[in-house]
Amino acid sequence: MTYLIDKWNALHSQSNTGDDRVTAVLNEHAFLLPQTGSALDLACGLGGNAVFLARHGLAVTALDISSVAINKLTRYAAEHKLTINADQQHITPESLKANRFDVIVVSRFLDRTLMNAIIDALKPNGLLFYQTFTREKATDTPPHNPDYLLASNELLALFAPLTAVFYQENALIGQQQRGLRNEAQYIGQKTG
Ligand SMILES: C[S@@+](CC[C@H](N)C(=O)[O-])C[C@H]1O[C@@H](n2cnc3c(N)ncnc32)[C@H](O)[C@@H]1O
């Protein structure tokens, strides 16, 4: 675990909160967000999604294993008067309380042991925005470990208990220099 923290701390030392961008699936579907409520940026890194959600008016919890990233995000939130509670932790299913968030965002992070806890952590009608890397790639770019890469349509299967609102995965179809390549995007709602 120390290795993991050191690895991500080293990476997050190289840039700053405010430099990183919001994930496309959230940016392009911001019109779906509630005007008020609570949101979680899971494995937030420097917190591009957390900052976006807080600017939208949501009270944000941001969790990540990297103390460097969490410290930078905490400083940025204080300087910009954003409601972001950033906490350094190794996320496990027990980290997530049931019925807690109106919105959960996960980008470029995949831990399949968390999926049921993510679903449970959504409030009724809560929305999950998820975007991460796929095994099928148009370019030979990292990550390469299949454990951290989605199989075809996997987000739809992992979040089958939710109602899918949006899904995109262009795989290797057609003109590979266009469209969404190397990643899949999913939005689901906890209905019923
Ligand atoms: C590729 S980065 C993505 C960061 C951010 N979500 C984004 O899209 O920019 C993956 C993040 O997951 C965090 N991470 C990896 N394993 C974790 C774990 N077990 N618990 C909490 N955070 C973890 C890393 O520290 C890193 O910030």
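The values are calculated or read from the model by the stated rules, or taken from the named source; none is laboratory data. It should be emphasised that the depicted structure is a prediction, and the values quoted were computed from it without experimental measurement. All Cβ positions, even for glycine, are placed from backbone atoms using ideal geometry, and neighbour counts span all protein chains on display. In case anyone asks, the SASA skips ligands and DNA or RNA and just uses the protein heavy atoms, side chains included. Shrake-Rupley method; radii C 1.70, N 1.55, O 1.52, S 1.80 Å.
Could you run through region 98-139 and say how many residues are within 23 Å of Gln176 (Cα to Cα), under 14 Å from the mean Cα position of the chain (by Cα) and assigned to a strand (DSSP E or B)? Working first, answer last.
Initial filter on region 98-139 (within 23 Å of Gln176 (Cα to Cα)): 107-108, 130-139.
Checking which are under 14 Å from the mean Cα position of the chain (by Cα) leaves us with 107-108, 130-133.
When the remaining residues are screened for being assigned to a strand (DSSP E or B), the result is 107, 130-133.
Adding up the residues that qualify gives 5.
Checking the condition over 16 Å from Asn16 (Cα atoms), basic (Lys, Arg), within 13 Å of the ligand (Cβ to nearest atom) and touching a residue at least 40 places away in the same chain (Cβ under 8 Å), which residue from Arg108, Arg100 passes? Even if it seems obvious, please write down each step before you answer.
Numbers: Arg100 fails: within 13 Å of the ligand (Cβ to nearest atom).
None of the others qualify; the one that does is Arg108.
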Ala121 fails exactly one of (1) of a type in the set (Gly, Ala, Ser); (2) open to solvent by less than 70 Å² (accessible area, probe 1.4 Å); (3) more than 19 Å from Ser38 (Cα to Cα), namely (3)
Evaluate the following for Val51: is it over 23 Å from Phe159 (Cβ atoms), of a type outside the set (D, E, K, R), open to solvent by less than 40 Å² (accessible area, probe 1.4 Å) and within 12 Å of the ligand (Cβ to nearest atom)? yes
Suppose we keep only residues that are open to solvent by 30 Å² or more (accessible area, probe 1.4 Å), touching a Ser or Thr at 6+ places or on another chain (Cβ under 9 Å) and among the charged types (D, E, K, R) within region 155-192. Which one would you say is farthest from Leu127 (Cα to Cα)? Arg181
Quick one: how many residues across region 1-40 are within 9 Å of the ligand (Cβ to nearest atom) and of a type in the set (A, V, I, L, M)? 5
Consider only pairs whose beta carbons are under 8 Å apart and that are at least six residues apart or on different chains; among these, list those whose first residue lies in region 138-152 and is acidic (Asp, Glu) and whose second residue is open to solvent by less than 70 Å² (accessible area, probe 1.4 Å). Asp147/Leu110
I'm trying to understand the selection: among the residues of region 8-44, which are under 18 Å from Ala86 (Cα atoms) and open to solvent by less than 10 Å² (accessible area, probe 1.4 Å)? Ala39, Leu40, Asp41, Leu42
Could you list, in sequence order, all residues of region 144-154 that are open to solvent by less than 60 Å² (accessible area, probe 1.4 Å) and either in a loop (DSSP other than H, G, I, E, B) or β-branched (Val, Ile, Thr) (or both)? Leu149, Ala151
Output for region 1-56, where each listed residue is of a type in the set (Lys, Arg) and closer than 22 Å to Glu183 by Cβ: Lys7, Arg21
